[in-house]
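Below: one structure, written as structure tokens.
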Amino acid sequence: MKKSALNTMTIVGARPQFVKASVLSRAIDRSNKLNTTQIIETIIHTGQHYDSNMSNVFFDELSIPKPFTNLNIGSGSHGSITGKMLEGIERELQQKRPDWVLVFGDTNSTLAAALAAAKLHIPIIHIEAGLRSFNRKMPEEVNRVITDHLSTLLFCPSEASRANLAREGITNGVHVVGDVMYDATLYHRSQITPVHREDAFALCTIHRAETTDEKKTLTSVFSALANCPIEVIVPLHPRTKKMLESYKIKLSRNVEIVPPLPYLKLLEHLQGCDFVITDSGGLQKEAYFFGKRCITVRHETEWNELVEIDANKIVGTDKNKIENAFLWAINPVDTTSIYGNGNAGQIIIQHILKTHQTTL
Ligand code: UD1
């Protein structure tokens, strides 16, 4: 039988997207072995994250297929980097003319890819659709709202995200499939050995502009960490490193700074830690996948279902509020399957194939 082809272009740029893309690449590989329609994937890296420990290490460790083009955009203001990405992605799309463009999450790379594709009338697949923090001051919220409204196929991690889309009038092409980050955790779980330390420890990541860019806020968070009853390991994002240095914030002896962790090392720390303190979206869920409670140093979350089951506490950045959550956090939580069964990637590929057949 003659094999038909479906060309996708996947656009990534920031750390969590590399992990999500690896799940999809694996699902594509599996589908190509089972189906006559062959999915040909081209991966474009915008270069939003460029330090080796923020980028290359993920591609190597997760065996994400090459070749891919790196647009090497790097840092800059939101307008500047989004504009450069838009131009670079448009060029790639015009050259390769894929049938679909695939984007993940809510970064500036996601937004640029969605805009470029929409203007060229190339249908967009948004994975991790429908998340809302309801805070339009977050660049990620702006990115995800616009991307959802431009997308043809929208894959939601949970029912709550489908409801968010419905409230905005988006009901066509929406599928609840589970969370691809959960797929990644389950897939790699057997390859890791939990970090073992003599003393208990909390794992902490801080990187959002809202937390890092004001001296008062960053000082408040690190003062709270100093009073944590157990050690705190902080894999430090380059932005946070820069701001800690520029504000001359002193670190307490119970706070251990380490470089950004490769994905498998991050999972090992999650499995070995007692609880998590973070302003990251992804880590809130990953804490839950490992049955750890999470103190979220933000004023809202996209993952309200975790707050409802008491796995996550939203405490903001006030020192006392963070400290008051330490004792709550020490007890583990039960992990149930609110985010699917670890096969979201495969379900997404089945939907893409089905939709592609009906539009031929
Ligand atoms: C971005 C995403 C955020 C995601 C995060 C994952 C946006 C708006 N934000 O935030 O949603 O949770 O990635 O990590 O897209 N830098 C380096 N080396 C790097 C990357 C960044 O030094 O490899 C520094 C630069 O000074 C840069 C700053 O960190 O200006 C922030 O990087 P950026 O990609 O703008 O945002 P993130 O905070 O990483």
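At a glance:
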read-out	value
Where a residue in segment 73-88 is in contact (Cβ under 8 Å) with a residue 60 or more places away in the chain and its partner, wherever it lies, is more than 10 Å from the ligand (Cβ to nearest atom) and part of a loop (DSSP other than H, G, I, E, B), with Cβ under 8 Å and at least six apart	Met85/Leu71
In segment 118-132, residue nearest to the ligand (Cβ to nearest atom) [restricted to those that are assigned to a loop (DSSP other than H, G, I, E, B) and over 18 Å from His49 (Cβ atoms)]	Leu131
Residues of segment 177-219 satisfying the condition of being surrounded by 20 or more Cβ atoms within 10 Å (Cβ to Cβ) and more than 16 Å from the ligand (Cβ to nearest atom)	Val177, Gly178, Tyr182, Asp183, Thr185, Phe201, Ala202
Leu115 in a loop (DSSP other than H, G, I, E, B) and either among the basic types (Lys, Arg) or touching a residue at least 24 places away in the same chain (Cβ under 8 Å) (or both)	no
Scan of segment 133-158 for residues that are away from the ligand (no atom under 14 Å from the Cβ) and of a type in the set (D, E, K, R), ordered by number	Asp148
Members of segment 262-286 that are of a type in the set (A, V, I, L, M), in contact (Cβ under 8 Å) with a residue 40 or more places away in the chain and under 30 Å from Phe134 (Cα atoms)	Leu267, Leu270, Val276, Ile277, Leu283
Single residue of Glu286, Glu268, Glu300 found to be in a loop (DSSP other than H, G, I, E, B) and either out of contact with any Phe, Trp or Tyr (no Cβ under 6 Å at 6 or more places or on another chain) or within 30 Å of Lys33 (Cα to Cα) (or both)	Glu300
Qualifying residue in segment 167-186 (condition: polar (S, T, N, Q), in contact (Cβ under 8 Å) with a residue 40 or more places away in the chain and within 28 Å of Gly345 (Cα to Cα))	yes
Selection count where residues are more than 22 Å from Asp318 (Cβ to Cβ), surrounded by 18 or more Cβ atoms within 10 Å (Cβ to Cβ) and among the β-branched types (Val, Ile, Thr), scope segment 227-271	1
Pairs, first in the same structural domain as Glu210 (by TED's automatic domain parsing) and over 26 Å from Asn143 (Cα atoms) in segment 287-303, second part of a loop (DSSP other than H, G, I, E, B) and modelled with pLDDT under 95, C-beta under 6 Å, six or more apart	Gly291/Pro332; Gly291/Val333; Gly291/Thr335; Arg293/Val333
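The values are calculated or read from the model by the stated rules, or taken from the named source; none is laboratory data. From a predicted model like this one, the values you see are computed outputs, not experimental measurements. Every residue, glycine among them, receives a Cβ derived from its backbone with ideal geometry; neighbour counts consider all protein chains shown.
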